[in-house]
Structure formats: structure tokens, C-alpha cells
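Reading through the C-alpha cells given below for one structure.
Where a number appears in this text, it was derived from the coordinates with a stated rule and is not lab data. Owing to the predicted nature of the structure, the values given are computational and were not obtained by experimental measurement. Backbone-built Cβ (ideal geometry, glycine too); neighbour counts: all protein chains shown.
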Amino acid sequence: MRIAVAALLLSAALGTVSSPAADDGTFVVIVAASNRASSIKRQELARFFLRKTGRWNDGQGVIPVDQSAGSPVRAAFTRTVLSVEGMGQISAVQNFWLQQVYSGRSTPPPIKATDADVLAFVAANPGAIGYVGAAPAAGGVKVLTVTE
Amino acid sequence: MIAKTWPAAVSLAVAASMASPSPASAQDASNFVLRGFVSQGYLKSSANRLLDADTDEGTFAFTEAALNFTAQPLPKVRVAAQLFARDLGTQGNNRLTLDWGVGEYRAWDQLGFRIGRVKFPVGLYNTLQDADVARPEIFQPSGLYPPERRDLTNAIDGGGIFGTLQLGGAGYLEYEGLYGTLDLDDSYLLVRATNQLSAALVAPLTALRFSNLSYVVAEREGRAKYGWGGYVEWHPPLSGLRLRGGMQGASVDFAAVTAYSAFVGTAPVSLSIRSAAHYAVPHQFVFSGEYNRGGLRLTAEHSRLKTKGSTLLSGTPFPAPPATVTIAHPMSTYGQAAYRFTDRFQASGYYSVSYADRNDKGGKNLVARGQAASGAFIKDLAFTLRVDVNAHWLVKAEVHRFDGTYSLSAVENPKGLDKDWNLFAIKTTFHF
């Protein structure tokens, strides 16, 4: 507990606690409609996409799906979410995955080229989680609220 | 060990380029990822031969090629492997090897199992020894990641556990533990150790009036009976910070038969001397910290270990000395800063200090044995510029300013070792 308090104080002193709103309007996080979750903490979301953890609360495996490196929505997602792990730039995330792959430690999430591809993938996989540029009109998926 | 030809590296590169269906790495929904790279470098030192390469004259014998795949056929199951070929001086000779290959079952977030030839997690970056594309520098800080011991520290045949533990408001922990064994018959470490053992007998044999002495190591074998290691890494709730404490150890046996040819007077004689050496690292501690913010990465690592070595000789023309155990306490520290200005340019630099024995940093014990004090330490100031020309081609240029000769081989430098020396390295890598 002392360690936790000390780390939080250090974090606050260095001004690295981010603003509470994760969803800055440039992307929304989606899961399959059958997923029981309605919200997700930003740190938990980052760990899912970096495959640090991989289980929903009900024990189901998490299947993160990324967008291509040149995508503006991926840039926004990276800047807003993955920055909690010190990776606010896509190049830093790509380097993280190079390190994981070449050391045999982990595998990056599959990449989909468009919002439509992400929507289709998430709708088809109960444990999937992705992000798209705007709230989807189609069924089969739902939007998760990202909390601090 | 699969084959032994120079074309191995070329074959890997060709196979890699043909296997890549798109400019990006191959990946489908089943999470099959195929990657590869091929590198060519050039090394030039102002003095001293590094890693048995002709760096003092300048050498292009500095190549690497790898083909890597990873797949996740089931949510909890992952398999991955890397074929690797390299050439660095007398090392590697572009022989194609299974660098590592693992099967992994992650039962829970908190506990997973890994088995196979597993990359050894010494410090933060040991697992990146063969991943030039994934690090800013050409040569990693040598105290923590000694290139002369690469064959011992790269990977181990065995298995272990790993996992992630949530700490609530205190962040989370990652951990890993490994145990295994390792065949060192084809290792540079074995060649270097047995060459040093053989060379050490030249003086006592010459003192016995053997003249025109020459030798060749006729047989050599080496094996790590066991190696173990692990770490705990804390990710506190401070974005981009991770702190790691690791511990590892190993027990290694070397054996060699050296054939000496000489004359006693005008009569030619030959001797066959067998040496058996035992080398152990009862424990090594590594403490690491890394902080990332924006394009900046700051790293500091500290290592201290204990080593025990002993050698037993037979077949000598003089009473073989009893095996005595030599104990040392090497220590190393470095600090590194790397900054990515743009997606294309990254600059980095580090200062590394290593001591052969932290109880003799100035080398007094070496001087007492008639050796240069500079063999007790090596201090390395290095700067690297990395340019990612495009998504598949990068170039690195690196300069080192060294003070000291610890970790250099006297046998590989028969003309002697210079205390103050420089190294220039340039390397280009194509990857997908």
C-alpha cells in the first residue's frame, strides 16, 4: 500500500496523470453486443491491446484488433490510450511489438484496414475488442465507455 | 544446427522476401506473423581486435539474417521460432541455427508456461540480442550484454513460467522464471576459453626448454549443465516507467585436447594435453529501470555477479597443478538515453562501466601478476544515429570511445592491447 501511495504521489508530482476523458471524440471502443462489459478503464484497455492481460471478467479471452499504422483513428487511440504505458506514438508501439516478436514473447493483435473491417471482426468474435472512428450504426457490436 | 554455408544468410533473406505477401509483415486473423531481416555491417577499431574479428584493419565480416514466425492457433496457445545466421569475425560463419523456438500455454493472465529453446531474459534487453531492428544501437552495452558470452546468454533449452499480476492502484507486476540446459559445442565462448587455456601453457612449456612451440586445439566440447534465471518487473502507475529486478545463474563445463608440437634440442616432440574447466555463475543480480515519454527512452541497469572457475590439466610434462578455484565479482553499470526525433531519425547514447572484479577496480591484482591494470575495467562511451530510410530499410552509424581492455582477449590480440581505443560501426538492415 505504501508503494502504491508513493507511486501515485510521484506520478502526480511529475504531472503524468492524464485527463480523465479517454474518448476524445476521434474514436470509440467497441465490443461484441453479447459482451457483458459496459465500460473499461483506460489502463485495462491498454493492457488488452499490448496483450499484458487477456481475460474479460467472465473469463473469456480478449481478442484485440488494431487498425493499420497509417490510420488516423489508430493514432488517436494510441495517443489517448496506449500513452498510459508510455507509448503515445505509433512508432513506439511498433517498436514494442518488434521487441515482443523477435524475443518470442508475444504476438501483436491482428490488423484491419478499415472501420468496417473492425466492425465485422468484432461482431463475429465474442471476445473481440476494437476501435473505430465513429459510433457504429450497425448491430452486432456496442460501444464501451472508457473511464480513468 | 541445421546447415553450414554462407548462402544460409542469403537464403534466409531470399526466403524472407518471397514469403512476404505485402510490404508489411504477414499477419492474418489467426495471428500468424512472419518477419525477417538481413543486415550487413562494417567495423573499424583504432586498435585491438574485437571478438576475434579484424576490426583493427576494418572488416565487413559482420552480417546477420533471421526469419521469424509467431502464431496463436488457440486463444491460450502460442508457438514461435526464429532461424538465425550470422557472421562476426570467426563467430557464426553464417551457419543457420535455430536461434530460439517456443511453445506457450497461458492458462491464466497470472500464470503461463513456456517450453522449448527460450530467449534468456537477462536485464531488459538481452532478448533483443538478435533483433537489431528492435533496438536503437548496434552494440548493446557490453557489461550487461557481453557479446563474447552471447552463446551462453542468448537462449536456453528448457522451460519456465510467466505471468502478470494486478496490483490495483499500484500498477501491475510481470514475472518470468526459466530453467534449462545448453549445448555449447559450437560456441565462440568455448573456442575462446579453450584457446586461452592452451595459450596459458606456452610459458611453462617454454620454461621446460621446449622450443619452436606451436599448438592446435584438437578437440573441444562444452555444455551448460544448467542455467536458471528470472525477473520481477513492476509497472507502477506512472506512465512509461518500469522497474525490474532479475537474478540468474549457470554452471558450465569445458573440455579440450590441445596438441603441442615443439623441439627439445633438435628432436621434434609432440604433446597432447587435456584440460577440463568448470565455470559457474552462482548468482547474478540485475537491477533495471526504463522510462518512456514521447520519443524519449531513458534506461539504467546495474549488474553484479559472482563467478567461480577452475581448471584441471592432464598429460603435462610437469606435475599437473592441482585445480584451484578462482573467484571473481564482476560488476557493470550503464545509463542510456535514446530519442526519436521523427519516425525516421533516432539518436541514442550510453555510458557503460564494467569491472572484472568489483573488489579490484583499479587492477592492482593484475599488476601483481605482471599484467596491465587496464585489463581490470572497460569504460565505453557510445553514440548511435539510426535512420529508418523507409518502413523496411534502416541504417545505423555508431562510435565508441573505450578506456580499458576488460573483456578483450589477449590471445586474439598477440601484439598487445591498447588501453585507449575507438570503434566505428555502421550497419544497414532490410526487414519486413
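Restricting everything to alpha-carbon atoms, can you work out Rg to Rh for the range B:158-255 with a Kirkwood hydrodynamic radius?
Ratio of gyration radius to Kirkwood radius: 1.30.
Hey, got the average number of other protein chain Cβ atoms within 10 angstrom for residues in B:290-303?
Per residue, the number of nearby Cβ atoms from other chains is 2 on average.
Mind checking which of B:36, B:163, B:240 has the largest fluctuation in a GNM of chain B, springs on alpha carbons under 10 Å?
Fluctuation is largest for B:240.
Among B:305, B:144, B:298, which comes first, then next, by fewest other beta-carbon atoms within 10 Å?
B:298, B:305, B:144
Could you name the lysines in cross-link range of residue B:419, using Cα to Cα under 22 Å and dropping any fewer than eight places away on the same chain?
The reachable lysines, counting only those whose Cα sits under 22 Å from residue B:419, are B:44, B:361, B:364, B:379.
What distance in nm lies between label points placed 7 Å from Cα along the C-beta direction at residue B:287 and residue B:368?
Spacing of the two 7 Å Cα→Cβ label points: 2.9 nm.
Hey, with R₀ at 41 Å, roughly what FRET efficiency would residue B:266 and residue B:420 work out to, going by the Cβ-Cβ distance, to 0.05?
It comes out at approximately 0.35.
Over the range B:39-82, how many percent of alpha carbon pairs lie in each 10 Å bin up to the one with the longest distance?
It works out to 24, 27, 17, 17, 13, 2, in whole percents.
Skipping prolines and chain starts, which residues have an amide H placed within reach, meaning under 5 Å, of the one on residue B:47, given they are 5 or more residues away or on another chain?
B:422
What is the ratio of the Cα radius of gyration of the range B:308-405 to 2.2 N^0.38 Å, with N the residue count, to two decimals?
1.67
Projected onto the charge dipole of the protein assembly as shown (+1 at Lys/Arg Cβ, -1 at Asp/Glu Cβ, origin at the Cα centre), which of B:230, A:89, B:411 gives the Cα projection farthest towards the positive end?
Highest projection toward the positive end goes to B:230.
Sort A:102, B:334 by Cβ crowding within 10 Å, fewest neighbours at the top.
B:334, A:102
Nearest 10 degrees is fine. How inclined is helix B:7-19 to the longest principal axis of chain B, computing both from alpha carbons?
0
Report, as a whole number in µm² per second, the diffusion coefficient that Stokes-Einstein gives for the range B:252-368 at 10 °C and 1.306 mPa s using the Kirkwood radius over alpha carbon pairs.
Answer from the Stokes-Einstein relation: 85 µm²/s.
By what distance, in whole Å, do the Cα atoms of the protein assembly as shown stretch along each of the three principal axes, largest value first?
So the extents along the principal axes, rounded to whole Å, are 98, 53, 40.
If you place +1 on the Cβ of every Lys and Arg and -1 on the Cβ of every Asp and Glu, how big does the dipole about the Cα centre of the protein assembly as shown come out, in debye to the nearest 20?
780
What ranking do B:56, B:253 get, fewest neighbouring Cβ atoms within 10 angstrom at the top?
Least to most surrounded, the residues fall as B:253, B:56.
Can you give me the Cα centroid spacing of the range B:80-130 and the range B:218-284 in angstrom?
Computed from Cα coordinates, the inter-centre distance equals 19 Å.
Roughly how big is chain B's charge dipole about its Cα centre, with Cβ charges of +1 (Lys, Arg) and -1 (Asp, Glu), in debye to the nearest 20?
Roughly 560 debye for chain B.
For chain B, find the longest principal axis of its Cα atoms and tell me its angle to the long axis of helix B:188-200, 0 to 90°, nearest 10.
20
For the range A:20-147, compute Rg over Rh where Rg is the Cα radius of gyration and Rh is the Kirkwood radius from the inverse mean 1/r over Cα pairs.
Looking at the range A:20-147, the ratio lands at 0.93.
Once you have the Kirkwood Rh of the range B:3-431 from its Cα pairs, apply Stokes-Einstein at 4 °C and 1.567 mPa s and quote D in µm²/s.
56
Across peptide B:133-144, how many C-beta atoms of other chains are within 10 Å of each residue C-beta, on average?
What the average comes to for B:133-144 is 2.
Rounded, prolate or oblate: which fits the range A:79-118 when a ≥ b ≥ c are the square roots of the eigenvalues of the alpha-carbon gyration tensor, with rounded for a/c under 1.5 and prolate only if a/b beats b/c?
Oblate, because a/c is 1.5 or more while a/b does not exceed b/c.
Give the distance, in whole Å, between the Cα centre of the range B:169-212 and the Cα centre of the range B:307-370.
After rounding, the separation between the Cα centres reads 12 Å.
Using a Cα-Cα cut-off of under 19 Å, which lysines could be cross-linked to residue A:142, ignoring same-chain neighbours fewer than 8 residues away?
Excluding near neighbours in sequence, the set is A:41, A:112.
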